[in-house]
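What follows is a single structure, written as structure tokens, with notes after it.
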């Protein structure tokens with residue numbers, strides 16, 4: 001039923017509520033459509049939450065640490081003087097009497113509190129200096145990232161592995177959706193969709209991905225770690241990791257495999273579609289190879305990383321000497 | 001035979017405060033019903049000193065009075081009630097759960113916890129809780145009350161026929177000339193009103209639908225840490241020129257803001273009634289609100305009440321109400337019906353029934 005049809009159906013409150021329910025469904029459809037087109041990346045909402053958390057009283061971090069420290073400094077002193085100023089004489093006299101009666105005890109307690117708070121603040125300042133030193137050293141150790149056009153490599157071509165990947169992923173497709181990160185031109189997505197499987201892709205932004213989305217494939221503009229962080233636990237039947245796996249840093253790869261283990265359903269598959277290191281060096285050249293924050297790993301190394309988090313490597317497909325597809329399974333819980 | 005006396009107790013009497021305005025309306029109603037009635041408070045704004053008395057002047061031990069307590073916050077009045085032998089009823093306007101203020105304002109947390117405890121204690125001596133909304137009635141029952149009834153707040157929207165503040169109206173008109181939709185929210189800056197969610201929704205809306213859109217947040221910064229965080233959040237998102245935090249405003253300035261807005265948007269996570277919804281409908285503003293607390297009951301089918309208040313959904317909903325003339329027309333007609341439903345004539349009659357039933361039962365029975 002269209003909105004216009006509903007509007008004509010009546011003017012009572014029940015009709016109005018039905019009409020509004022229809023409008024809300026249309027709003028939800030609009031949001032789904034725009035999310036699929038990458039207008040509303042899930043990582044955007046998460047980043048907003050993280051940003052606001054920085055400003056909450058318990059969420060101080062980064063450059064706001066200094067502000068928090070100043071606030072703590074200001075509140076670390078307890079005033080022993082009772083406010084006795086008043087324009088009304090009687091009230092002032094009463095307050096003064098209260099002050100006389102209580103001041104000696106208040107002074108005794110508050111002096112100890114002030115000792116405690118000043119020593120605590122000294123510790124916090126020392127901690128601030130140490131953290132500052134650490135941050136400076138860390139910034140010197142971390143190389144500046146390369147410009148995107150120098151870092152981005154096309155990633156392994158899935159074409160040599162299409163048939164086998166579609167078959168293997170299709171066998172577990174009843175466990176949830178299949179996600180390819182990064183999906184590039186969408187070759188694998190199209191093959192999975194053609195076989196009737198529910199698959200979508202994410203890509204941080206490339207002309208190939210834009211072209212894939214234009215053909216009707218569900219391709220969202222998002223980064224891999226951010227997107228996986230917002231995917232529900234054990235909600236994916238299959239996770240195909242491509243492109244990004246060739247250039248991530250060690251820390252990013254550790255987070256990636258942890259998120260893969262978290263988001264793939266029991267019995268589901270994790271596929272690493274990677275470039276052989278030797279072939280990669282030949283492709284990108286020595287400058288990019290030497291300066292890149294991360295470089296492709298051998299399939300054996302990926303197998304080691306995935307096995308360490310409890311996945312079982314079930315196949316290493318070698319359809320092309322320049323690449324590999326490593327397939328790992330997340331064990332389903334044993335049934336009695 | 002002397003007249004029956006129904007006095008009201010209210011923690012504070014302040015012009016522009018919704019509970020105070022309601023209390024004055026109830027006094028008028030009680031007098032129209034033939035009862036003698038005065039209002040007593042622990043703190044009185046000087047503009048109301050001729051209409052409200054200090055609670056120490058409440059006549060005690062002479063003859064029996066009926067006491068109607070306006071309950072919306074912690075107050076020593078609750079302890080006073082426990083000592084009275086007069087029949088007591090409570091007009092309940094809701095107490096915000098303290099959990100909303102945890103991590104923000106320890107003083108407010110303590111005050112709200114005390115208020116919740118007091119509400120439960122007063123329930124043991126009060127014969128009935130007269131609640132603004134079904135949501136508030138359910139809240140009182142959760143606090144152990146057995147006798148509740150619903151009578152909406154007495155709201156005189158004729159007050160909004162006042163002339164808008166000219167300087168504010170002119171400033172808003174100049175702003176409108178630059179193009180872009182004007183979002184408005186009216187309510188104190190507090191964590192449970194969640195104004196930061198409106199900022200996020202505006203960011204999403206500007207990125208997708210209308211890069212010149214603006215948000216005006218009208219309300220006093222009653223929780224300073226939250227207000228500070230909100231201002232810094234706005235700056236960090238680069239929205240300083242698009243989000244205005246007005247602070248407290250006069251009634252005439254408020255009229256100007258309602259008249260200068262395109263849509264009222266509310267992210268509030270807890271509302272016992274939410275008067276600004278009706279004020280917006282009175283100004284023919286479409287409403288997009290989070291479906292929280294009493295909001296769905298107050299708004300009815302006169303606005304979009306969203307269960308999913310994520311920024312993209314709010315942005316899409318606002319875009320829809322601003323660009324769909326058919327929807328605007330339907331909402332306006334439903335809004336007019338809603339204003340009749342909560343109109344003073346009807347709400348006075350409902351409140352009168354509740355009060356008369358209580359008094360005629362001798363202060364013992366259930367309305």
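Each reported figure results from applying straightforward, stated rules to the coordinates on display, with no laboratory input. This is a predicted model, so every value here is computed, not measured. Glycine gets a Cβ as well: all are built from the backbone with ideal geometry, and neighbour counts include every protein chain shown.
Let a ≥ b ≥ c be the square roots of the eigenvalues of the Cα gyration tensor of the stretch A:149-330; is it rounded (a/c under 1.5), or, if not, prolate (a/b larger than b/c) or oblate? Because its axes are fairly even, with a/c under 1.5, the stretch A:149-330 counts as rounded.
For chain B, the Kirkwood hydrodynamic radius comes to 21.5 Å, computed from all pairs of different C-alpha atoms. Legend: mean number of C-beta atoms from other chains within 10 angstrom of residue C-beta atoms, peptide B:323-335, equals 3.
In terms of surrounding Cβ atoms within a 10 Å radius of their Cβ, B:358, A:280, B:104 rank from fewest to most as B:104, A:280, B:358.
Take every Cα pair under 8 Å whose residues are at least 6 apart in sequence, average their separation, divide by the length of the stretch B:159-341, and the relative contact order is 24 percent.
Suppose a student asked you for the relative contact order of chain B, using Cα pairs under 8 Å spaced at least 6 residues apart; what percent would you report? Result for chain B is 15 percent.
Using only helices, what value at 222 nm comes out for chain B when you add -39,500 (n - 2.57) per DSSP H run of length 4 or more and divide by the total residues, to the nearest 500 deg cm²/dmol?
Taken over chain B, the calculation gives -13000 deg cm²/dmol.
Peptides A:190-197, B:343-350 ranked from most to least packed, by the mean per-residue count of other Cβ atoms within 10 Å: A:190-197, B:343-350.
Which of rounded, prolate, oblate describes the stretch A:231-316, given a ≥ b ≥ c as roots of the alpha-carbon gyration tensor eigenvalues and a/c under 1.5 marking rounded, otherwise prolate only if a/b is larger than b/c? Taking the square roots of the gyration eigenvalues as a ≥ b ≥ c, the stretch A:231-316 is prolate. Label-point separation (nm) for residue A:109 and residue A:318, each offset 7 Å from Cα along Cα-to-Cβ? For the pair residue A:109/residue A:318, the computed spacing is 7.7 nm.
The stretch B:330-353 and the stretch A:194-221 have Cα centres separated by 51 Å. Note on chain B: with a GNM built from Cα contacts shorter than 10 Å, the maximum mean-square fluctuation among B:111, B:158, B:36 falls on B:158.
Give the average, rounded to an integer, of partner chain Cβ atoms located within 10 angstrom of each Cβ in B:80-87.
Working: counts 0, 0, 0, 0, 0, 0, 0, 0.
Partner-chain Cβ atoms within 10 Å, mean over residues of B:80-87: 0.
Only beta bridges with both residues in the protein assembly as shown are counted; by DSSP, about 20 percent of them are antiparallel.
Taking square-rooted eigenvalues a ≥ b ≥ c of the alpha carbon gyration tensor, is the stretch B:159-341 rounded, prolate or oblate, where a/c under 1.5 means rounded and, failing that, a/b exceeding b/c means prolate? Judged from the Cα gyration tensor, the stretch B:159-341 comes out rounded (a/c under 1.5). Within 10 Å of the Cβ of each residue in A:43-52, the mean number of Cβ atoms contributed by other protein chains is 4. Take the Cα of residue B:346, step 7 Å toward its Cβ, do the same at residue A:126, and the gap between the two points is 6.9 nm.
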